[in-house]
Amino acid sequence: MVEPIQSQSTTFKEQQSKFISFLHPYNEVSSFKSWISKCRKEYHDASHVCWAYRINLATQLEENASDAGEPSGTAGLPILNEMKKSNLVNCGLIVIRYFGGTKLGKRGLMDAYGKSARDVINKTTCKEWIKTDHYLIKAPLEFYGDLSQSMSKFGGKIISDHSSEIIKWEIEVQSGRLNELIQIIRYATKGKGDLEKI
């Protein structure tokens, strides 16, 4: 699986209809839905704002699509299928259509929405998606430097730091490396650090 590094957009015309596609990285469905609302407002004069998303949540891959008023299965599904073909996750893809006066028919619509999604995906730089787990680390403040260095060498990422009287970090690490992480914390804090899964 791969995920996009940055946002991207493309435009093309099919028999006077204009298709504008946008691809944006997302880790949460709620953020993607907020983006759809913004796009609907910004392109309020468009005929259709069709979309699909594939987002990896903690336990499952969530995906969904919408034809947004186009005939059933002619817009959202072709967009989603292109995302699946590219093994793309953690993003949403919106295709905005301005109707040009010529009906494209079901096959024509499926081809146009599929092409629009494919074009923007092909233009997007992606990286391999690696499953991660989140943990909370607590430890005495005196070990801040040692623990920070150890985390950095291990490849753990401190997502948020709520330290005050004690070290309190939310960290992200590659899945399947819990035993290594326990050893690192034990060693860096002389056995005084705590770890819990979030």
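Values in this text are rule-based calculations from the coordinates and carry no lab data. Quick caveat, the model's predicted, so the values are computed rather than measured. Positions of Cβ are backbone-derived with ideal geometry, glycine not excepted, and every protein chain shown enters the neighbour counts.
Data table
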item	result
From the coordinates shown, P(r) over Cα pairs in 10 Å bins from 0, in percent corresponds to which of [x] 9, 30, 22, 16, 13, 8, 2, 0; [y] 8, 28, 29, 19, 11, 4, 1, 0; [z] 7, 31, 35, 20, 6, 1, 0	[x]
Trypsin sites (Lys or Arg not before Pro) within the stretch 55-151, DSSP loop, no more than 12 other Cβ atoms inside 10 Å	Lys103, Lys131
Cα-centred dipole magnitude for the stretch 1-151, charges only on beta-carbon of K, R (+1) and D, E (-1), debye, nearest 20	680 debye
Rg over Rh [alpha-carbon atoms, Kirkwood Rh] for the stretch 140-198	0.91
Residue among Gln174, Pro25, Phe143 farthest towards the positive dipole end of the chain, charges placed on Cβ	Pro25
Crossing angle, helix 105-123 versus the chain [Cα axis fit, 0-90 degrees, rounded to tens]	40 degrees
Helix axis angle, 144-154 relative to the chain longest principal axis, alpha carbon, degrees	50 degrees
Potential extension, Ser7-Ser160 segment - 0.36 nm per residue separation minus Cα distance	52.6 nm
Stretchable slack from His44 to Ser31, in nm (0.36 nm times residue separation minus alpha-carbon distance)	2.7 nm
Gain on full stretching of the segment that runs from Lys103 to Lys18 - 0.36 nm per residue minus C-alpha separation	29.4 nm
Qualifying chymotrypsin sites (Phe, Trp or Tyr not before Pro) in the stretch 80-134, DSSP loop, other Cβ atoms within 10 Å at most 16	Phe99, Trp129
For the chain, the longest site-free run once GluC sites (Glu not before Pro) in DSSP loop states with at most 15 other Cβ atoms within 10 Å are removed	29-164
Separation of alpha-carbon centers, the stretch 121-198 and the stretch 81-106, rounded to whole Å	38 Å
Principal-axis tilt of helix 178-188 within the chain, Cα atoms, nearest 10 degrees	40 degrees
DSSP beta bridge pairing in the stretch 2-128, given as percent antiparallel to the nearest 5	95 percent
